[in-house]
1. Here is a list of conditions, (1) in contact (Cβ under 8 Å) with a residue 12 or more places away in the chain; (2) of a type in the set (G, A, S); (3) closer than 22 Å to F76 by Cα, and G163 meets all of them except one; can you say which number that is?
2. Every residue in the range 95-116 that is assigned to a loop (DSSP other than H, G, I, E, B) and either modelled with pLDDT of 95 or more or surrounded by 15 or more Cβ atoms within 10 Å (Cβ to Cβ) (or both), please.
3. Quick check: is even one residue across the range 68-90 at pLDDT 95 or above, within 19 Å of D183 (Cβ to Cβ) and in contact with a Pro (Cβ under 7 Å, 6 or more places away or on another chain)?
4. Failed condition for P68, given (1) surrounded by 14 or more Cβ atoms within 10 Å (Cβ to Cβ); (2) over 26 Å from N26 (Cα atoms), with all others met?
5. So the check is Cβ under 7 Å with 6+ separation or different chains; which pairs have a first residue in the range 57-79 that's of a type in the set (A, V, I, L, M) and a second one that's outside any helix (DSSP H, G or I) and surrounded by fewer than 18 Cβ atoms within 10 Å (Cβ to Cβ)?
Amino acid sequence: MARNTKSKEKEPQKLFYLFYTRERWNNWMAALEESSFEESEEPDEMPEGLRKLQNFTDDINSAVLKIPKLVESGVFAPEEALEKLNEIEEIIMGPAPEGDIREIIEGVQLRFLVLFVAVKKFIQDEYEGDIKALITEGRAAEGEDAEKALDIAGIIGALVIAGGSCCGKYLRGDLDEPGMFDDWLIEIDDMATVLKTLKKFDEEPGEAY
């Protein structure tokens, strides 16, 4: 009952929530285009391009994961949250830009498939299971049925949004060139890191995130 009351109190300001914009995406594309992805002369220093790429992906994770937080707090009903999510997905998963970073962005988009599936499953309450068992099932499906593997990864992601623990200890093999399912687990691990920063998320409507 309290959730409904809170939702009604905030309803007049909902339209002022700005999660992600085309301009924000374009600014990131320009920044990445100007960056060097060549290895640094300093062995312990990450290339400028990779640093910006990490900030770029963290920015998207943060923007998207605020949506389920607002569902939990009663600001958005599931239907409204899905509408906001679809707006962001249209920007992030659209055609990759032409040029030197095209292949990099396409790789990022492949990883973000699990982000959007996970958030949709969380919003629609379509997730349950044991994370360890799901990882075993997902790895078994990876080579035979990519759609099933993604669906399983999405369930794992939704469980993490709901407070579950994953996925560093389950990653294996060469993480410089991970398989598709492990790449999604890496994204879920990144989601878990970002979620920790959103534990006290309580921004007021009208702010552009």
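The values are calculated or read from the model by the stated rules, or taken from the named source; none is laboratory data. Given the structure is predicted, the values throughout are model-derived calculations rather than measurements. Please note: Cβ atoms are built from the backbone with ideal geometry, for glycine as well, and neighbour counts cover all protein chains shown.
1. Tallying (1) in contact (Cβ under 8 Å) with a residue 12 or more places away in the chain; (2) of a type in the set (G, A, S); (3) closer than 22 Å to F76 by Cα, G163 fails exactly one: (1).
2. A96, P97, I101
3. No, the range 68-90 contains no residue that is at pLDDT 95 or above, within 19 Å of D183 (Cβ to Cβ) and in contact with a Pro (Cβ under 7 Å, 6 or more places away or on another chain).
4. For P68, the exception is condition (2).
5. As it stands, the answer is A63/Y209; L65/L198, since those pairs meet every condition given.
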